[in-house]
Amino acid sequence: MKTTAIFPGSFDPFTIGHDDIARRALLIADRLVIAVGVNDKKKYESDTEQRVEAIARIYADNPRVEVVAYEGLTIDLARHLHANFIVKGVRSVKDFEYEREQADINSLLANVETIFLPAKPHLASISSSLVRELNHLGRDTTPFLPKPTNNDNL
C-alpha cells in the first residue's frame, strides 16, 4: 500500500527547516503533498501562487512530492487526497502544544493521525517570521532558504 502524507503550512517563506521536515517525511511516506494553506485572516508576504511555485521549484525533480494550495480544513484536504497522515514539524514545546491540540481535533473529527517530527537542533531557531524580519531589515536570507536540487529522488 502506498502512503501519502500531507505537510500543511503557510510557508511564507518555505525555509530550510521546512525542507528538512519534508525530506524526512519522505523517509516514511511514498508520496508527500506540501499543502500551502490560504487563510484570509492572515497577511502574507508572498501570494499563494508565488509560494506554491517557489516550493514546487525546490522539488521539481522529485516525482514523490506535489505542492498544492488549499483553503479550509486540513482534514478535508486529507480526505480528498486519501492521505494516511499529516506531518508537522515542531521546534519547541510551545510549537508542540499548539500542534498537539490541532492533532487531537483532527483525530476526533476525521480520524486522521498526525506525525510530529522534531526540528534538528541547528534548525530549531529558523522560522518564516524570522526570515521575513531579516528580509525587511535588508539582510541576506539565502542561508535560510532551500535551493532547488537536481536529480532529487528521495
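The values are calculated or read from the model by the stated rules, or taken from the named source; none is laboratory data. Being a predicted model, the structure only gives us computed values, none of them experimental. Positions of Cβ are backbone-derived with ideal geometry, glycine not excepted, and every protein chain shown enters the neighbour counts. Protein only, heavy atoms only, side chains kept; ligands, DNA and RNA dropped before computing areas. Shrake-Rupley method; radii C 1.70, N 1.55, O 1.52, S 1.80 Å.
For the reader, a short list of remarks on this structure follows.
- Residue count for segment 125-139 under the criterion of being within 30 Å of D76 (Cα to Cα), open to solvent by 30 Å² or more (accessible area, probe 1.4 Å) and either of a type in the set (G, A, S) or touching a strand residue (DSSP E or B) at 6+ places or on another chain (Cβ under 7 Å) (or both): the result is 1.
- Residue match in segment 129-144 (condition: in a loop (DSSP other than H, G, I, E, B), more than 18 Å from the chain's Cα centre (by Cα) and of a type in the set (S, T, N, Q)): yes
- Meets criteria (in contact with a Gly (Cβ under 8 Å, 6 or more places away or on another chain) and either closer than 25 Å to F144 by Cβ or without any contact (Cβ under 8 Å) to a residue 40 or more places away in the chain (or both)) for P13: no
- Against the list (1) within 18 Å of I55 (Cα to Cα); (2) free of Cβ contacts under 8 Å to residues at least 60 places away in the same chain, the condition E113 fails is (1).
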